[in-house]
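As structure tokens, the structure follows; a few thoughts come after it.
The values are calculated or read from the model by the stated rules, or taken from the named source; none is laboratory data. Computed from a predicted model, the values in this text were never measured in an experiment. Cβ atoms come from the backbone with ideal geometry, glycine included; neighbour counts cover every protein chain shown.
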Amino acid sequence: MSPASTASILVLQSAEAGAGDAAALAGLCGASAPEQVGEHAWRLRGAQRREHVAQWCEARRLDHAWVPEGRRFRDLKLLAMDMDSTLITIECIDELGGCLDRKDEIAAITGQAMRGEIDYPESLRRRVALLAGLPEEALQEVYDEKLRLSPGAETLVARSKRFGVKLLLVSGGFTFFTSRLQQRLGIDDTISNVLEIEGGKLTGRVLGGIVDAQAKAAKFRQMARRLGAAQSQTVAIGDGANDLKMLQEAGVSVAYRAKPVVRAQATHALSWSGLDGVLHLFD
């Protein structure tokens, strides 16, 4: 990531950032006194030096971002999020594999797909095939026992609703989970894959077309057009290579605890903060 020429404010945050970190960074970059904007987040204005900021923050497990003056969250119309390892902390398909003692095998394929090393549709077919014979009750078990929202998710959702920002959940995962999260959090729209179930068991196949990078981006464009949203009024958040096309459509793209290929191409990266860290990237 490279800071835009108009970016004049340095944001520092992480789950454990302290005032001492903010003061030290201000000294490093020649900024004015830090302004606290969250429990573990600060804004630094007037930075004179940028060359060592990224390395300094990375070494201390601190997120930093160069943001423009006057970019307001209330001006957004659309915020889109990936599901697995973004809105939630798990990869649902890996956890389903654990019910058949195949979690490591499936997780290895998931990792390859998220890093962009193999074709996503093919990776999904291979992983779903390994779930053949799994009782459908396992889906509810994973939802109840394994699925957890990422830190800060509810705060980000609540702020979006407060300002009328529409929420889109896009996933290469499964409708069983996206539909429940949509109802639970009041998400406006979703797109995901449908698992085929026959006789109470997964067949190892997906019904219909697979939601891949192109499908995610197309859904994002469709909803943005429906809302009459300019690109600058949109945000997309993701962690894997299959999110990149959607991230490229957004005015602000956020790599959330993401693979290196995603961090390199997103507007901002949050590696140590919660999802509510997105809010601190705006006035």
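Filter the range 115-125 for residues that are surrounded by 17 or more Cβ atoms within 10 Å (Cβ to Cβ) and either touching a strand residue (DSSP E or B) at 6+ places or on another chain (Cβ under 8 Å) or outside any loop (DSSP other than H, G, I, E, B) (or both) and give the result.
TYR120, PRO121, SER123, LEU124
Where residues in the range 220-237 are under 18 Å from LEU156 (Cα atoms) and outside any helix (DSSP H, G or I), which of them is farthest from the chain's Cα centre (by Cα)?
The selected residue is THR234.
Is there any pair linking a residue in the range 238-251 that is within 14 Å of LEU168 (Cβ to Cβ) and in the same structural domain as ALA215 (by TED's automatic domain parsing) to one that is at pLDDT 95 or above and part of a loop (DSSP other than H, G, I, E, B), with Cβ under 6 Å and at least six apart or on different chains, and which?
Note: pairs meeting the criteria are LEU247/ALA266.
Per-residue answers, yes or no, for (1) part of a loop (DSSP other than H, G, I, E, B); (2) closer than 26 Å to ARG263 by Cβ:
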{"position": "SER32", "(1), (2)": "yes, no"}
{"position": "ARG61", "(1), (2)": "yes, yes"}
{"position": "ALA65", "(1), (2)": "no, yes"}
{"position": "ARG71", "(1), (2)": "yes, yes"}
{"position": "ALA80", "(1), (2)": "no, yes"}
{"position": "THR86", "(1), (2)": "no, yes"}
{"position": "GLU95", "(1), (2)": "no, yes"}
{"position": "ALA113", "(1), (2)": "no, yes"}
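Suppose we keep only residues that are among the polar types (S, T, N, Q) and modelled with pLDDT of 95 or more within the range 33-74. Which one would you say is nearest to GLY274 (Cα to Cα)?
Within the range 33-74, the match that is nearest to GLY274 (Cα to Cα) is GLN36.
Yes or no: SER14 polar (S, T, N, Q) and under 15 Å from TRP272 (Cβ atoms)?
Yes; evaluated as a whole, the condition is true for this residue.
Please name all residue pairs, on different chains or six or more residues apart, with Cβ atoms under 8 Å, provided the first residue is in the range 181-194 and is without any contact (Cβ under 8 Å) to a residue 24 or more places away in the chain and the second residue is assigned to a loop (DSSP other than H, G, I, E, B) and surrounded by fewer than 18 Cβ atoms within 10 Å (Cβ to Cβ).
VAL194/GLY208
So which of GLY238, GLY208, GLY251 ends up being at positive phi and touching a strand residue (DSSP E or B) at 6+ places or on another chain (Cβ under 7 Å)?
Only one candidate qualifies: GLY208.
Given VAL194, VAL170, which one is under 18 Å from MET246 (Cβ atoms) and either in contact with a Cys (Cβ under 8 Å, 6 or more places away or on another chain) or not acidic (Asp, Glu) (or both)?
The unique qualifying residue is VAL170.
Inspect all residues belonging to the range 130-148 and state whether any of them is aliphatic (A, V, I, L, M), in contact with a Ser or Thr (Cβ under 9 Å, 6 or more places away or on another chain) and assigned to a helix (DSSP H, G or I).
There is no residue in the range 130-148 that is aliphatic (A, V, I, L, M), in contact with a Ser or Thr (Cβ under 9 Å, 6 or more places away or on another chain) and assigned to a helix (DSSP H, G or I).
Looking at the range 3-28, which of its residues are buried (at least 19 other Cβ atoms within 10 Å of the Cβ), in contact (Cβ under 8 Å) with a residue 24 or more places away in the chain and part of a helix (DSSP H, G or I)?
Residues satisfying the conditions are ASP21, LEU25.
To keep it simple, each residue is scored yes or no on (1) buried (at least 22 other Cβ atoms within 10 Å of the Cβ); (2) in contact (Cβ under 8 Å) with a residue 40 or more places away in the chain; (3) of a type in the set (Lys, Arg).
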residue	(1), (2), (3)
GLU196	no, no, no
LYS201	no, yes, yes
GLY209	no, no, no
ARG226	no, no, yes
TYR256	yes, yes, no
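I'd like to know if the range 198-212 contains one or more residues that are among the hydrophobic types (A, V, I, L, M, F, W, C) and closer than 15 Å to LEU169 by Cβ.
Yes, the range 198-212 contains at least one residue that is among the hydrophobic types (A, V, I, L, M, F, W, C) and closer than 15 Å to LEU169 by Cβ.
Cβ contacts < 9 Å: first residue more than 23 Å from ALA213 (Cβ to Cβ) and at pLDDT 95 or above, restricted to the range 154-173; second residue crowded, with 17+ Cβ neighbours inside 10 Å and of a type in the set (Phe, Trp, Tyr), any location; separation 6+ or different chain. Result?
Correct list of pairs: ARG159/PHE73; SER160/PHE73; PHE163/PHE73; VAL165/PHE73.
Can you tell me which residue in the range 1-27 is modelled with the lowest pLDDT, limited to those that are over 19 Å from SER271 (Cβ atoms) and in contact with a Lys or Arg (Cβ under 8 Å, 6 or more places away or on another chain)?
Here the answer is SER8.
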